[in-house]
Amino acid sequence: MNRRNFLRSVCIGASASFLSGCGGSLLTENNRKPNVLLIITDDQGYADVSAYAHSSPDVATPNIDRLAHQGVRFTQAYVTGPACSPSRAGLNTGRCQQRWGMWGWSKPLPKDEKTLAEYLKNAGYTTGKFGKSDFGQNYHRKDVREYPMNHGFDEFLGFSAHAHDYFHLSEKIEKAAPDPNGASASLGPLFHNNSKKSFEKGYTTEIFTDYAIDFIKRQREKPFFACVSYNSVHALVHLVPERYLERFGAKKVPLYDPEDGRYYTYYDRYGHGKADVDDETYRRWCLANMACMDDNIGRLLDTLEELNLEEDTFVVFMPDNGGAPARETGSVNRPLKSTKYSLFEGGIRIPIIMRYPGKAAKGKVCRNVVSTLDILPTFLAAAGHEKIQGKPLDGKNLLPMLKQPEKIRKRSPLFWHFGDQFAVRDGDWKLVKARLFTKDIISGRKQPLPEKPQLFNLKNDIGETNDLADKHPEIVQKMMKQHQNWVKEIRSS
């Protein structure tokens, strides 16, 4: 008899009356708070998870699919912003990032905005973050609120910026490059807790997984929160171990060489669509990059199984926003319209998968509208800390929905604001004033903003192709008022 089954046989009788009193929603079968594993990918497309019916025919993500087959996959899940910084700010606080003035890309994280890691740490969890940390401000610094060790994490291995080179992780390359510390075009040693660690060899996706696995092994006897935030498949998507390039017949590109000049010039060439490379090449790079990431997600799941922690761990998988334009990463968002940076569906609708053994349905699809604002209150409810002190959260607990994913639940309107774009979703209706991003970020930014907002019925028109604003002026007026009231409420708060 393994450890999990032994503990289950000992505890099940003693705890039955307690579990029935709380609806069985707080503790695992081993009568302990559940571990929490949050897996975040970067710029992965809506169609780039093969467990979904709408997935691109060329994509295979067998390990992410394992979660889907064992849990609940959401088809109408949204982030709070169409780019990494605002999206992660909303996710990590459970509150609309506009509440502290983050109406576009960035705004410093206030000290009085409590984070998911802080909540779970206060609930008795040991917390670790591995990978990307990005709140849009104060990059490459340890003495700021945005640094993971300063907002609730006990351990951190990763970088603080939009992006980081996948291979160049050494002190030597940092000293040789004229510009090692850009917001996106950054390279050199990774942060490790309160210092930096140089890697002469290695690949970020595999290194982040290695450190996360080590953390899980060391903390397996008590509740832990592990956030694994890959920079895959963010630009520079062509940087992949050679064995994956060979698998997909993808072109190999030389790594950056400081003798060739600034690192940003190299990043701009391949990350902003300026290289003489076609769409198919970017797609092959994306598939290779994603395959490596999926293999490493498999390593995380295998570790939980090997340590008999599978039944004790609440796992959530999510990308941070919609897939980036084709000449940036090669992601695919079909059947959605547009990409990252846009408030059309392609920029904000994502695949979310939740596996919570014994508390969530198995292998089910949930078509309810949900938001990444809901992840924080859901984790807190699972940890037995549903009631919080301080500022109210904007998300809601999804545990009842995980138990009955097929039950349709009405959602109050969701709101987005990003620069001069805005959107409202109320039921099947979406009112949106947004830019269209197509092949690459450079040409996409030149797209004009429509003079008037557009109205779509997403139940009948997921691709936002049929503007119904002229046919339903009363709905446009109602939803404009909803947006105005939301802006007023947000600003007053």
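The values are calculated or read from the model by the stated rules, or taken from the named source; none is laboratory data. In this text the structure is predicted, and so the values were computed from the model without any measurement. Cβ: placed from backbone, ideal geometry, glycine included. Neighbour counts: every protein chain shown. Note: areas computed on protein heavy atoms with side chains; ligands, DNA, RNA excluded. Shrake-Rupley method; radii C 1.70, N 1.55, O 1.52, S 1.80 Å.
Observations
- Taken over region 89-105, the criterion of being in contact with a Phe, Trp or Tyr (Cβ under 7 Å, 6 or more places away or on another chain) and open to solvent by less than 10 Å² (accessible area, probe 1.4 Å) is satisfied by 89 alone.
- Residues (open to solvent by 10 Å² or more (accessible area, probe 1.4 Å) and β-branched (Val, Ile, Thr)) located in region 315-337: 332
- Residue count, region 185-196 (criterion: open to solvent by 30 Å² or more (accessible area, probe 1.4 Å) and touching a Gly at 6+ places or on another chain (Cβ under 7 Å)): 0
- Per the conditions (1) open to solvent by 30 Å² or more (accessible area, probe 1.4 Å); (2) on the phi > 0 side of the Ramachandran plot, the sole criterion not satisfied by residue 171 is (2).
- Any hit, region 161-174, residues being free of Cβ contacts under 8 Å to residues at least 60 places away in the same chain and farther than 20 Å from residue 239 by Cα: no
- Residues (over 17 Å from the mean Cα position of the chain (by Cα) and either part of a loop (DSSP other than H, G, I, E, B) or under 25 Å from residue 60 (Cβ atoms) (or both)) located in region 217-236: 219, 220, 221, 222, 223, 236
- Among strands (runs of 3 or more DSSP E) entirely within region 326-440, having at least 2 residues that are among the charged types (D, E, K, R) singles out 349-355, 364-371, 421-426, 429-433.
- Breaking point among (1) out of contact with any helix residue (DSSP H, G or I) (no Cβ under 6 Å at 6 or more places or on another chain); (2) in contact (Cβ under 8 Å) with a residue 60 or more places away in the chain; (3) among the charged types (D, E, K, R); (4) open to solvent by 10 Å² or more (accessible area, probe 1.4 Å), for residue 394: (1)
- Scanning region 240-267 for residues that are closer than 11 Å to residue 187 by Cβ, assigned to a helix (DSSP H, G or I) and aromatic (Phe, Trp, Tyr) yields 263, 264, 266, 267.
Here's the yes/no breakdown for (1) part of a helix (DSSP H, G or I); (2) crowded, with 21+ Cβ neighbours inside 10 Å:
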position: 107; (1), (2): no, no
position: 110; (1), (2): no, no
position: 118; (1), (2): yes, no
position: 121; (1), (2): yes, no
position: 129; (1), (2): no, yes
position: 135; (1), (2): no, yes
position: 153; (1), (2): no, yes
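- Cross-chain or 6+ apart pairs with Cβ under 9 Å, region 216-241 first and without any contact (Cβ under 8 Å) to a residue 60 or more places away in the chain, then basic (Lys, Arg) and part of a loop (DSSP other than H, G, I, E, B): 238/251; 238/252
- Any hit, region 202-212, residues being in contact (Cβ under 8 Å) with a residue 24 or more places away in the chain, surrounded by fewer than 17 Cβ atoms within 10 Å (Cβ to Cβ) and more than 26 Å from residue 34 (Cβ to Cβ): yes
- No other residue among 218, 283 is buried (at least 20 other Cβ atoms within 10 Å of the Cβ) and either farther than 26 Å from residue 170 by Cα or at pLDDT below 95 (or both) apart from 283.
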